[in-house]
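Here is the structure we will look at, set down as structure tokens.
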Amino acid sequence: MLRSWSRTTPFSLSPLGMLSSSAPSSSAACESRRPSFLRISYSNPRISLPHPPPLSSNSHTSLRRMTLSTACFGASSPIPISGKPDSENLEPQSDDPQSLVVVSFYKFADFPDHANMRKPLKALCEELRVSGGIILAPEGINGSICGTRESVEKVLAFIQSDNRLEGLRQVESPVSPEEEAIHLGHSASSPLAAGEDAPFRWDHVRVKLKKEIVTLGMPSVSPIERVGKYVSPGEWNSLISDPDMVVIDVRNDYETRIGKFKGAVDPCTASFREFPSWVEDHFELTGGNDGKPAVVEANNSGESVENKTQNPEHMPRVAMYCTGGIRCEKASSLLLSKGFKEVYHLEGGILKYLEEVPKTESLWQGECFVFDKRVSVDHGLVQGNFKLCYGCKQPVSDADIEAPEFEYGVSCPHCFSQKSEEEKERARARQRQFERWGIIGGPDKGRRPTCKPDSGNRKSDQLSRSI
């Protein structure tokens, strides 16, 4: 997912993170691709209850037993996955409907009744065995999901059946044959923790309701109203090579540590919430002519330099980037509200750049952190070399793993000195639970007991736990 989930969650919403208020509206061609009955109702006045496709005379499926996906889609093909809005859809990378894909998506939109979508969306994902994480908020949707191409396309089509969410910005990543075998080898009776090596836990999807799809903490900043200029991956190198351009990495410190664009300014923020304060401090925004801000310009090394003029027309030109593009949408809206004139951001984020720009021409250095179990990706979106410290959810290298501060599931060189012995002991207990049961909390985690135990059973259970 595009950046969205907290650092304590191994999913994004991305982070792909895993992509806009100014996205083109759905064209007539897109409408022709959408099944005429795809008007799912979830107490939304904009969407009418669908009429399910007629059953054939020899069908053995009764309407009462029809699943949500069957009622929504029938035998029709859903909208193809694309890295661009609907009006720019391209052919999918693979025609095999059973191939496994990871898709990150987002869309800023006026969505006050977002809570009504949660239950039907979660039910559809669970039925189709689509895993990952999705955030719904009054300002839109943000998510990163994994499943077969056919299933993921149905989920994305369901989301875009609400006309406010049409034109999702999407980035698709490949899945290795090993991960695909893990996912497709499971069934409804597989253990809860099965598929730990797949991009997301195979049977689990989180659909959360939040105030923002990416948390900045400034309700007045709205990408729905204004946003910076999109720059395609093919034009990005030329833009950031301009010596007068200030290139800013909008991501967090644990992300920039493993990779960034050449010459980019690193704000060294621990969370996106800190970015507005960094802008105020780094550019030293003050009152300028006509009540507009004047700035102390920043150079590409991240050091402040003296401002040569108080004229707002000479405010710095800024180019920003993040994992999938969602944080840059808000960051560009923030800078425009501060009086900046020229604000650009990388369309599709780092992920789209790594997908489209050949390594021989790339200005990217290192790997890109992603908010799922791949941890990092390299050019071509192939899985990178970093692992995850489950004590702090930060990426660790092979050298970090060999360090004396590293203890699997407990600590790494980046968090060892920040954790108390009590915290480390709790982490060790959690890790022992996982190693024994395959899930934190034991085999019955998240399951309600089938019957209420009597007092004798409770005493026996307490005794067994004390042994």
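The values are calculated or read from the model by the stated rules, or taken from the named source; none is laboratory data. Source: prediction; values computed, not measured. Cβ placement follows ideal geometry from the backbone for every residue including glycine, while neighbour counts extend to all protein chains displayed.
Observations
- Residue within region 136-144 that is crowded, with 22+ Cβ neighbours inside 10 Å, polar (S, T, N, Q), touching a Leu at 6+ places or on another chain (Cβ under 7 Å) and within 22 Å of P219 (Cα to Cα) present: yes
- Scanning region 319-355 for residues that are among the polar types (S, T, N, Q), assigned to a helix (DSSP H, G or I) and under 16 Å from N142 (Cβ atoms) gives a single hit, S333.
- Filtered residues of region 363-396 (kept if polar (S, T, N, Q) and surrounded by 18 or more Cβ atoms within 10 Å (Cβ to Cβ)): S376, Q383, Q394
- Of the residues making up region 351-362, one or more are crowded, with 19+ Cβ neighbours inside 10 Å, out of contact with any Pro (no Cβ under 6 Å at 6 or more places or on another chain) and among the aliphatic types (A, V, I, L, M).
- Among the residues of region 356-374, those identified as closer than 13 Å to T256 by Cα and either touching a Cys at 6+ places or on another chain (Cβ under 6 Å) or in a loop (DSSP other than H, G, I, E, B) (or both) are E367, V370.
- For first residues located in region 199-215 and closer than 27 Å to F386 by Cα and at pLDDT 80 or above, partners that are part of a loop (DSSP other than H, G, I, E, B) and of a type in the set (F, W, Y) and lie 6+ apart or on another chain with Cβ distances below 7 Å form the pairs R206/F11.
- Selection count where residues are at pLDDT below 95 and either within 29 Å of the chain's Cα centre (by Cα) or not in a loop (DSSP other than H, G, I, E, B) (or both), scope region 308-318: 4
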